[in-house]
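The values are calculated or read from the model by the stated rules, or taken from the named source; none is laboratory data. All values reported here derive from a predicted model rather than from experimental measurement. Glycine gets a Cβ as well: all are built from the backbone with ideal geometry, and neighbour counts include every protein chain shown. The protein model used for the area step is the full one, side chains on, heavy atoms only, and it has no ligands, DNA or RNA in it. Shrake-Rupley method; radii C 1.70, N 1.55, O 1.52, S 1.80 Å.
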Amino acid sequence: MSANYKVAVLPGDGIGPEVMAEALKVLDKVQSEFGFTLELSHFDVGGVAIDNHGSPLPAATLAGCEAADAVLFGSVGGPKWEHLAPNDQPERGALLPLRGHFKLFCNMRPARIYEGLEDFSPLRADISARGFDIVCMRELTGGIYFGQPKGREGEGAQEKAFDTEVYHRYEIERIARLGFEAAQGRRGIVTSVDKANVLQASILWREVVNEVAKDYPDVTLNHIYIDNATMQLIKDPSQFDVMLCSNLFGDIISDEMAMLTGSMGLLPSVSLNDQGFGLYEPAGGSAPDIAGKGIANPVAQILSAALMLRYSFKEEAAALAIERAISETLSEGYFSGDLYKADAKHPVQTTVQMGEHIANRIRRAS
Ligand SMILES: NC(=O)c1ccc[n+]([C@@H]2O[C@H](COP(=O)([O-])OP(=O)(O)OC[C@H]3O[C@@H](n4cnc5c(N)ncnc54)[C@H](O)[C@@H]3O)[C@@H](O)[C@H]2O)c1
Ligand SMILES: CC(C)[C@H](C(=O)O)[C@@H](O)C(=O)O
Ligand SMILES: [Mg+2]
């Protein structure tokens, strides 16, 4: 009997539904080619859920995610909902609670320059020619995003707002272990990113990472301050393998890594808990500036679907087939507007056309 996997599909807002449609097209092709079944259930989340149900994370959406084997997420948020109280907005009211509810502490965002596509990088040609292949290993359920106290009080010139960076030893230890394990399967280098010259939470972060490192003598550990890290990424990204980051630093540095590959629309992500349950989403957002125009790059969403096949369903051959189909599409010169250059072989491709190119190139390895 062929395997059957339940997926909760949450397209969300802005470009979310547009790029999700292409990911589903590719998954459809993959399941017929590789002989497993994906049972998809669709749910509203974020702004669209506020509009349709009065809540960014309706009970039915949460229940649907609980009943699923994995969650495929688009993106949430946009100007339409920015007037709402912070906790009622799509990001704080849906995405962060989902991450917290499922304890998705481990967020991995892989970024690499595709071979032959070095000149999409905004880096100087001699730097991008060296290429890079980095995983941002981001702690996702702690730090300043969730730390207490958090709030606003007072009035007039004395009014203040505050967030608190809190890390427990166990939170640092478990993400560090996964960072070292990831490095063992890669080039064997962990660069831990912190601000231990200023922040107490970073001092503990560095201490714990040093302790964990003793269990991984085959991995080289470097420490770097966040300000230097952002600069070194531009100077020479090829020096990095696994970048181990707190929640906030990983958020910032992963956008930088995405753009160094050429576009925000190329970076996928996986968020896992200690049971291996995963939520898969592009690292970028709902892109209100291009939403509704059919021009968004669906690659990050499609790569996120490939990561779902790899991490949640152990369908490695199918995941590889998607990654290969994307590489082929790009190296044949088919690009959406974010990557398009005047000397491209083909005219600029729409979101739908990119999805079709990728779906048409799905096949079993010969
Ligand atoms: N996971 C999520 O749901 C998520 C992630 C990040 C931001 N957001 C939300 O999205 C909204 C917009 O945020 P933002 O503008 O800061 O970040 P963004 O990532 O949505 O957009 C930043 C820039 O990257 C471009 N971009 C992003 N994805 C692209 C794609 N697939 N193809 C082509 N170009 C792409 C956008 O056009 C924009 O110019 C906000 O409400 C924010 O909170 C949501
Ligand atoms: C939308 C926002 C809450 C989210 C984050 O900060 O984690 C996003 O920027 C991301 O990178 O997934
Ligand atoms: Mg972000």
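Structure data summary
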quantity	calculated
Where labels lie 7 Å past Cα in the beta-carbon direction, separation of Phe162 and Val198 in nm	1.8
Whole-Hz ³J(HN,Hα) from phi, Karplus 6.51 cos²θ - 1.76 cosθ + 1.60, for region 334-348, glycine and proline x	9, 9, 7, x, 5, 10, 5, 10, 4, 8, 5, 5, 10, x, 4
Å² per residue, accessible surface of the chain at 1.4 Å	43
Over the chain, relative contact order from alpha-carbon pairs under 8 Å, at least 6 apart, %	22
Distance between modelled label sites at Ser331 and Ala85, nm, 7 Å Cα→Cβ extension	5.4
Shape call, the chain: gyration tensor on alpha carbons, a/c limit 1.5	rounded
For region 303-356: rounded, prolate or oblate by the Cα gyration tensor [a/c cutoff 1.5]	prolate
Nonlocal amide H pairs with Asp194, under 5 Å, H built at 1.01 Å	Ile224, Tyr225, Ile226
Exposure rank, largest accessible area first [Met308, Met108; 1.4 Å]	Met108, Met308
Highest-first arrangement of 129-141, 211-223, 190-202, 152-164, where packing means the average Cβ count within 10 Å	129-141, 190-202, 211-223, 152-164
FRET E, pair Glu39, Ile252, Förster distance 25 Å, beta-carbon r, rounded to 0.05	0.10
Euclidean distance of C-alpha centroids, region 1-35 and region 139-168, integer Å	37
In Hz, Karplus ³J(HN,Hα) per residue of region 115-132 (6.51, -1.76, 1.60; θ = phi - 60°; x = Gly, Pro)	4, x, 10, 4, 7, 7, 6, x, 6, 4, 3, 5, 7, 5, 4, 6, x, 7
Whole-Hz couplings from phi, Karplus 6.51/-1.76/1.60, listed for region 134-145; x for Gly and Pro	10, 10, 8, 9, 10, 5, 10, 10, x, x, 5, 5
Förster radius 25 Å - calculated FRET efficiency between Asp119 and Val348, Cβ distance, rounded to 0.05	0.90
For His42, distant residues with modelled amide H under 5 Å away	Val9
Listed residues Trp81, Trp205 arranged by accessible area, highest first, probe 1.4 Å	Trp81, Trp205
Residues Asp126 and Arg324, FRET efficiency given R0 of 35 Å [Cβ-Cβ distance, rounded to 0.05]	0.80
For region 118-261: rounded, prolate or oblate by the Cα gyration tensor [a/c cutoff 1.5]	oblate
Rounded Å value of the spacing that divides the Cα centres of region 235-278 and region 211-232	15
